[in-house]
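Trainee: Would you mind keeping the following structure in view while I ask a few things?
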Amino acid sequence: MWLPCGCTSKYVASSFARRTLASYLHVSGRSRCNVAAFMPEAAGLEGVSGRAALRELSVSNSESFWAAVARHRLCWSTPFHTVQDCDLSRGKIKWFEGGKLNVSVNCLDRHVHTCPERVALIWERDERGWCCTDELLEMTCRLGNLLRRHGVKRGDCVTIYMPTCPLAVASMLACARIGAAHNVVFAGFSADALAERIRDAQSSTVITVNQGVRGGKVTELKKTVDTAMQSCPTVKQVFVAMRTDNPVTMTARDIAMEEVREQKEMLKEDVVCEPAVMNSEDVLFLLYTSGSTGKPKGLVHTQAGYLLYAALTHRYVFSYHDGDVFGCVADIGWITGHSYVVYGPLANGATTVLFESTPIYPDPGRYWDMVERLKINQFYGAPTAIRLLLKYGDQWVNKYDRSTLKTLGSVGEPINTEAWEWYHRVVGDGRCPVVDTWWQTETGGICIAPRPSDPDAEIVPGMAMRPFFGINPVLMDTEVIVFGFLQGEVLTSNNTSGALCMAQPWPGMARTIHNNHQRFIDTYFQPYPGYFFTGDGAYRSEEGYYQITGRLDDVINVSGHRIGTAEIEDVVNQCPAVAESAVVGYTHSIKGQGVYAFVVLKKGIDVQEADLSRQLNGMVSEKIAKYASPDFIQFAKRLPKTRSGKIMRRVLRKVVESDLEGLGDLSTLDDPAAVQEIIQGHEKLL
Ligand code: PRX
């Protein structure tokens with residue numbers, strides 16, 4: 001089963017899959033179309049000619065648009081009766097009610113008919129050139145049966161703590177198959193962060209591997225789960241797969257899972273697994289992300305709307321065509337991995353690449369070597385990696401044949417012009433469009449991208465540019481603050497900046513925060529009533545194109561990973577020597593943003609600052625993840641505060657950016673001398 005190349009996992013054609021599919025083929029509105037030449041999904045829409053008109057209609061008559069697209073693109077076991085039932089002012093979002101379907105059937109079984117020999121997954125393991133062959137549907141079904149046999153029921157939530165590998169994808173799809181929700185936790189998160197997410201999700205089942213391997217380094221994932229289990233009394237079972245040959249200590253709670261290496265648990269299972277018939281609005285998964293307050297929030301995505309949106313954006317944003325090999329190098333622990341490694345590509349019957357390694361392992365040619373070997377057509381990555389690779393020079397790119405590439409994508413953070421141009425000129429040989437895609441865990445899929453509806457449209461470097469079908473972005477005035485909240489009017493003119501909001505719902509958006517709908521409303525719908533507030537600022541150019549200008553809240557973006565400054569402060573403040581702290585982001589040449597912590601010690605504490613810094617860094621790595629660990633820790637006697645006692649983060653941000661001219665109005669400061677001390681301390685630290 002473990003082969004030295006060739007990789008892959010097929011969709012597989014079992015007779016059961018065909019039977020399953022037959023019962024799911026109540027697909028209507030498939031044939032007649034007048035815009036079908038470029039969007040067959042819109043076939044049911046009479047009288048629309050041309051891309052611009054279709055884009056227009058997707059917003060002005062979004063119900064008709066989404067109904068036609070949903071009928072065409074998804075396989076339903078029961079058709080939906082209501083396209084949408086949404087009220088943004090109450091955070092109520094429901095799509096395709098009455099409809100029943102199974103996401104795993106949509107991602108696997110139905111492709112048996114159309115492309116039984118097509119490869120579903122290519123696993124690019126950390127060890128260059130080592131891949132694995134499996135059959136994805138079979139693996140999913142066995143796993144679904146295994147979970148069912150161990151009592152996992154429809155509506156339960158299964159936590160998946162695994163590196164990017166076929167079993168992780170099969171675990172996600174197995175949950176979808178039996179109607180359980182999954183909660184994938186990024187394998188770089190610490191035991192505490194994992195435990196917090198398991199508890200909040202109320203998971204009683206966890207799936208993990210013995211060890212992870214990334215960049216040649218082994219990580220002890222099972223041991224991390226064992227530590228997390230000490231504070232997760234409700235977990236009844238932990239399924240353990242083997243990623244390496246090294247045995248791990250198994251407890252009474254652990255179940256050895258994999259079919260290979262003498263562990264037969266999965267092999268016992270039937271390759272036929274009856275798919276649960278799910279309602280459109282049943283939960284598909286939770287995914288935790290950071291907000292501006294301390295606790296990460298479990299965003300909830302549901303079945304039909306999410307899948308439809310992931311599939312449609314995957315097809316049109318990247319100009320994906322049947323038979324293409326899609327290479328998104330994100331980890332499955334993030335939303336990019338969910339939507340563009342797993343659900344979007346698989347729903348479209350694509351061959352999707354699972355990338356387990358790093359951009360520089362074993363050398364900085366890794367991505368492009370992979371592009372050559374796997375003949376990747378669309379490559380989707382993060383600016384932080386592009387910035388890193390461009391520093392190593394063009395020779396690492398030029399060594400490899402990249403002629404298969406058609407589209408290059410960027411995601412997660414702003415892409416600066418230098419990185420954009422290098423990506424375009426060197427990686428794409430000046431012939432592949434670069435699509436800078438803006439979206440969020442909350443949005444489920446890409447909302448703004450350069451060519452969502454026209455593969456020949458002009459692209460401006462470093463701009464996300466145009467809204468996707470059905471997306472209606474608006475900019476809001478951020479100047480007006482009422483009762484402490486941003487409030488404001490819609491800014492109608494171009495060449496203007498404001499808070500990026502969405503004026504109407506779309507099927508891919510998150511439905512709630514797990515166990516906390518009020519927080520969902522407060523965060524996204526209360527700041528600008530009637531609109532979804534993204535938390536980002538944006539600029540709209542003279543031509544009407546959007547450019548993201550960064551977060552408006554206390555969330556920072558380190559190497560494309562989102563982290564709330566309050567989460568880091570919570571950990572730092574747990575150190576007995578610390579009286580208080582303030583964390584801000586600063587511009588970092590590779591990571592996009594770095595973490596800068598200001599720390600005030602308790603009175604009478606006498607410690608070596610270097611030792612305490614090491615201790616604090618260790619605490620943040622241990623309690624959150626390595627990427628959240630501060631790059632700089634500045635010890636200060638006090639923090640600049642307003643007279644009402646609020647820390648003036650705006651001032652701290654300006655200091656760390658060395659923008660002293662931009663310090664702005666300091667008249668509300670309690671003690672102006674505090675700022676001078678902070679500036680001096682900062683200069684000493686650099
Ligand atoms: O600030 C925006 C930034 O990443 C945030 C969303 O982070 P997350 O939910 O982790 O999802 C990341 C992957 C979609 C956004 O609020 N962001 C994402 N894409 C871009 C971006 N900032 C600028 N340009 C982008 N293309």
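The values are calculated or read from the model by the stated rules, or taken from the named source; none is laboratory data. On a predicted model such as this, the values are computed, not experimentally measured, just so you know. Neighbour counts are summed over all protein chains in view; Cβ atoms, including those assigned to glycine, are modelled from backbone coordinates with ideal geometry.
Trainee: Could you please let me know if TRP396 is surrounded by fewer than 24 Cβ atoms within 10 Å (Cβ to Cβ) and touching a Pro at 6+ places or on another chain (Cβ under 7 Å)?
Mentor: Numbers: surrounded by fewer than 24 Cβ atoms within 10 Å (Cβ to Cβ): yes; touching a Pro at 6+ places or on another chain (Cβ under 7 Å): yes.
The answer is yes for TRP396.
Trainee: Can you go through MET266, MET250 and tell me which one is in a loop (DSSP other than H, G, I, E, B), touching a helix residue (DSSP H, G or I) at 6+ places or on another chain (Cβ under 9 Å) and surrounded by fewer than 16 Cβ atoms within 10 Å (Cβ to Cβ)?
Mentor: Residue meeting the stated conditions: MET250.
Trainee: Okay, next question. Hey, does the stretch 76-93 have a residue that's assigned to a loop (DSSP other than H, G, I, E, B), in contact with a Gly (Cβ under 9 Å, 6 or more places away or on another chain) and of a type in the set (S, T, N, Q)?
Mentor: Residues of the stretch 76-93 that are assigned to a loop (DSSP other than H, G, I, E, B), as a first pass: 76-77, 79-81, 85-86, 91, 93.
Next cut, in contact with a Gly (Cβ under 9 Å, 6 or more places away or on another chain) only: 76-77, 79-81, 93.
Still in the running and of a type in the set (S, T, N, Q): 77.
Yes: one or more hits.
Trainee: Quickly run through the stretch 148-188 and pick out the residues that are in contact with a Phe, Trp or Tyr (Cβ under 7 Å, 6 or more places away or on another chain) and aromatic (Phe, Trp, Tyr).
Mentor: Within the stretch 148-188, just PHE186 meets the criteria.
Trainee: I've got another one for you. Mind checking which residues of the stretch 609-666 are of a type in the set (D, E, K, R) and in a helix (DSSP H, G or I)? Give the derivation first.
Mentor: Residues of the stretch 609-666 that are of a type in the set (D, E, K, R), as a first pass: 609, 611, 614, 622-623, 626, 631, 637-638, 641, 643, 646, 649-650, 653-654, 657, 659, 661, 665.
Correct list: GLU609, ASP611, ARG614, GLU622, LYS623, LYS626, ARG649, ARG650, ARG653, LYS654, GLU661.
Trainee: Out of the residues in the stretch 640-655 that are touching a Ser or Thr at 6+ places or on another chain (Cβ under 9 Å) and closer than 18 Å to ILE556 by Cβ, which is surrounded by the fewest Cβ atoms within 10 Å (Cβ to Cβ)?
Mentor: ARG649
Trainee: Follow-up. Which residues, taken from the stretch 203-254, are hydroxyl-bearing (Ser, Thr, Tyr) and under 21 Å from CYS175 (Cα atoms)? Working first, answer last.
Mentor: Here is the first cut: in the stretch 203-254, the ones hydroxyl-bearing (Ser, Thr, Tyr) are 203-205, 208, 219, 224, 227, 231, 234, 244, 249, 251.
Within the stretch 203-254, SER203, SER204, THR205, THR208, THR234 qualify.
Trainee: Output the residue which, of all residues in the stretch 413-438 that are outside any helix (DSSP H, G or I) and among the polar types (S, T, N, Q), is nearest to the ligand (Cβ to nearest atom). Lay out the reasoning, then the answer.
Mentor: Step one: filter the stretch 413-438 for residues outside any helix (DSSP H, G or I), giving 413-416, 428-438.
Those still in the list that are among the polar types (S, T, N, Q) too: 416, 437.
Numbers: ASN416: 10, THR437: 5 Å.
Within the stretch 413-438, the match that is nearest to the ligand (Cβ to nearest atom) is THR437.
Trainee: Here is a list: GLY585, GLY564. Which entry is crowded, with 18+ Cβ neighbours inside 10 Å, within 22 Å of MET648 (Cα to Cα) and in contact with a Lys or Arg (Cβ under 8 Å, 6 or more places away or on another chain)? Write out each step before concluding.
Mentor: Details: GLY564 fails: in contact with a Lys or Arg (Cβ under 8 Å, 6 or more places away or on another chain).
So the residue among GLY585, GLY564 that is crowded, with 18+ Cβ neighbours inside 10 Å, within 22 Å of MET648 (Cα to Cα) and in contact with a Lys or Arg (Cβ under 8 Å, 6 or more places away or on another chain) is GLY585.
Trainee: Only residues that are under 25 Å from PRO79 (Cα atoms) and part of a helix (DSSP H, G or I): list them for the stretch 94-139, please.
Mentor: Once the filter is applied, which keeps residues that are under 25 Å from PRO79 (Cα atoms) and part of a helix (DSSP H, G or I), the stretch 94-139 yields VAL103, SER104, VAL105, ASN106, CYS107, LEU108, ASP109, HIS111, VAL112, HIS113, THR114, LEU137.
Trainee: Then there's this: Going by the structure shown, is GLU269 more than 30 Å from ALA385 (Cβ to Cβ), in contact (Cβ under 8 Å) with a residue 60 or more places away in the chain and of a type outside the set (Ser, Thr, Tyr)?
Mentor: Details: more than 30 Å from ALA385 (Cβ to Cβ): yes; in contact (Cβ under 8 Å) with a residue 60 or more places away in the chain: yes; of a type outside the set (Ser, Thr, Tyr): yes.
Yes: the conditions hold for GLU269.
Trainee: Considering each of VAL572, VAL600 in turn, give the residue that is under 34 Å from the mean Cα position of the chain (by Cα) and among the β-branched types (Val, Ile, Thr).
Mentor: Numbers: VAL600 fails: under 34 Å from the mean Cα position of the chain (by Cα).
Answer to the check: VAL572.
Trainee: Same structure again: From the list PRO461, PRO452, pick out the single residue that is surrounded by fewer than 18 Cβ atoms within 10 Å (Cβ to Cβ) and within 14 Å of the ligand (Cβ to nearest atom).
Mentor: The unique qualifying residue is PRO461.
Trainee: Which one is farthest from the ligand (Cβ to nearest atom) among residues in the stretch 528-573 that are polar (S, T, N, Q) and modelled with pLDDT of 95 or more? Step through it out loud before you land on a result.
Mentor: Taking the stretch 528-573 first, the residues polar (S, T, N, Q) are 534, 541, 547, 549, 557, 559, 565, 573.
Applying the additional criterion that residues be modelled with pLDDT of 95 or more yields 534, 541, 547.
Values: THR534: 6, SER541: 15, GLN547: 8 Å.
By that ranking, first place goes to SER541.
Trainee: Pick from the stretch 487-510 the residues that are surrounded by 15 or more Cβ atoms within 10 Å (Cβ to Cβ) and over 20 Å from ILE448 (Cα atoms): which of them is modelled with the lowest pLDDT?
Mentor: GLN487
Trainee: A further question on this structure: Does the stretch 648-664 hold any residues that are in contact with a helix residue (DSSP H, G or I) (Cβ under 7 Å, 6 or more places away or on another chain) and charged (D, E, K, R), and which are they?
Mentor: LYS654, the sole residue that qualifies.
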